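Worksheet for the structure shown next.
The values are calculated or read from the model by the stated rules, or taken from the named source; none is laboratory data. Model, not experiment: these values are computed from the prediction. Neighbour counts run over all protein chains shown; Cβ positions are idealised from the backbone, glycine included. Heads up: the accessible areas ignore ligands, DNA and RNA and are worked out on the full protein's heavy atoms, side chains in. Shrake-Rupley method; radii C 1.70, N 1.55, O 1.52, S 1.80 Å.
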Amino acid sequence: MQRVKLGHTDIEVSRVCLGTMTFGEQNTQAEGFEQMDHALASGVNFFDTAELYSIPPKPDTQGSTETVIGNWFKERGNRDQVVLATKVVGRSPMNWFRGEASRLHSRHINEAVEGSLRRLQTDYIDLYQLHWPDRKMNGFGAGRVASYDHIEDTPVPIDETLRALEDLISSGKVRAIGLSNETPWGLSEFLKISELANLPRVVSVQNAYNLLNRNYEQGLSEFYYRNGVGCLAYSPLGQGYLTGKYRDGALPEGSRKALFDRLGRYESEQSLAAMERYFAIAEKAGIKPSVLAQAWVMSQPFVTSNIIGATSMQQLREALEGCEYQLSDELIAEIEQVHEQCPNPAP
């Protein structure tokens, strides 16, 4: 398993990251342990979680994923073998985190870190990420916006957020910081303010990135080449749609859509049509659609690490298989042709 530096830090992470948001909801603790054991044995040293998880967000399961990981660290005694990433929730009306609507000011960030450290049973977090911005914005597949005038507000100043994160780094509780579900403007502001005020510098951005959603390439990918800020790509399989398991209206028992019906982002007519063309490419090449999708994400040089997730060991093995597959130039050309004719159908 190839390892690369996380931004400008000396932290080395595997190019595959284990996503854990199903632990504590779709996966039991024992199943989470099995996944983490297998991932680590396969060379994956990078795990990603969040105080929000498990998914879907609910007061009674909030923090359950971090708890599973913390119990695994305690039982295995292997905290030093894992580069651990977690996240603090962004601006939200969800009041079960801090007893009020969540914001990215210093008090909430400090409370969030202490809670994560306690559940994870560790005294430090390698990568601490802002799960989404404090400012109001469309995200998580909410669609395109021509103007932001109608959602202007007064967000917590970025320098206040960065100063809170600086204190956590100085105390040794956090090693590096990152963003998630962010825009080019947001990343640019964070980098500018970091430089002007000599505050900690963002090392990564965790955004959705897959064959159906390549928006990261339109602005954010340039920061990798010019500023060393790489992408942590989540949802490489488009919430499972790019495996073909929901093809022709199928609804597998135990799937996320069957359980929670939260996957409308990938159900537009354009998305379904594009998927069929990608499935045809995979079939012609004699590989699973999931392999095509994972391998394509892995082929992008600005992707520092590809965050894979699974609810079964078979899915985990297939994800790892896809991450090791090398796409031919011919396959990449076929993928690009589909993208040119049907770009970003699921932004």
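One line per residue, one yes/no per condition, for (1) free of Cβ contacts under 8 Å to residues at least 12 places away in the same chain; (2) in a helix (DSSP H, G or I):
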{"site": "318", "(1), (2)": "no, yes"}
{"site": "322", "(1), (2)": "no, yes"}
{"site": "333", "(1), (2)": "yes, yes"}
{"site": "346", "(1), (2)": "no, no"}
Answer yes or no as to whether residue 162 is part of a helix (DSSP H, G or I), touching a residue at least 24 places away in the same chain (Cβ under 8 Å), open to solvent by less than 60 Å² (accessible area, probe 1.4 Å) and touching a strand residue (DSSP E or B) at 6+ places or on another chain (Cβ under 6 Å).
-> no
Can you work out which of the residues in the stretch 262-287 that are of a type in the set (D, E, K, R) and within 21 Å of the chain's Cα centre (by Cα) is most open to solvent (accessible area, probe 1.4 Å)?
-> 262
What are the residue pairs meeting all of these: first residue in the stretch 169-185, first residue closer than 19 Å to residue 210 by Cβ, second residue of a type in the set (Lys, Arg), Cβ atoms under 8 Å, and 6 or more apart or on different chains?
-> 180/87
Does residue 216 fit the bill of being in a helix (DSSP H, G or I), touching a strand residue (DSSP E or B) at 6+ places or on another chain (Cβ under 7 Å) and open to solvent by 50 Å² or more (accessible area, probe 1.4 Å)?
-> no
Matching residues in the stretch 221-261 - criterion: being surrounded by 13 or more Cβ atoms within 10 Å (Cβ to Cβ), outside any helix (DSSP H, G or I) and either in contact with a helix residue (DSSP H, G or I) (Cβ under 7 Å, 6 or more places away or on another chain) or of a type in the set (A, V, I, L, M) (or both) = 229, 230, 231, 232, 233, 236, 237, 238, 239, 240, 244, 246
Only one of these is within 20 Å of residue 212 (Cβ to Cβ), modelled with pLDDT of 95 or more, surrounded by fewer than 21 Cβ atoms within 10 Å (Cβ to Cβ) and not acidic (Asp, Glu): 299, 290. Name it.
-> 299
Got a sec? Which of 66, 25, 31 is over 30 Å from residue 302 (Cα atoms) and in a helix (DSSP H, G or I)?
-> 31
Among the residues of the stretch 119-126, is any of a type in the set (Val, Ile, Thr), open to solvent by less than 50 Å² (accessible area, probe 1.4 Å), within 17 Å of the chain's Cα centre (by Cα) and modelled with pLDDT of 95 or more?
-> yes
Meets criteria (of a type outside the set (Gly, Ala, Ser) and open to solvent by 60 Å² or more (accessible area, probe 1.4 Å)) for residue 91 | yes
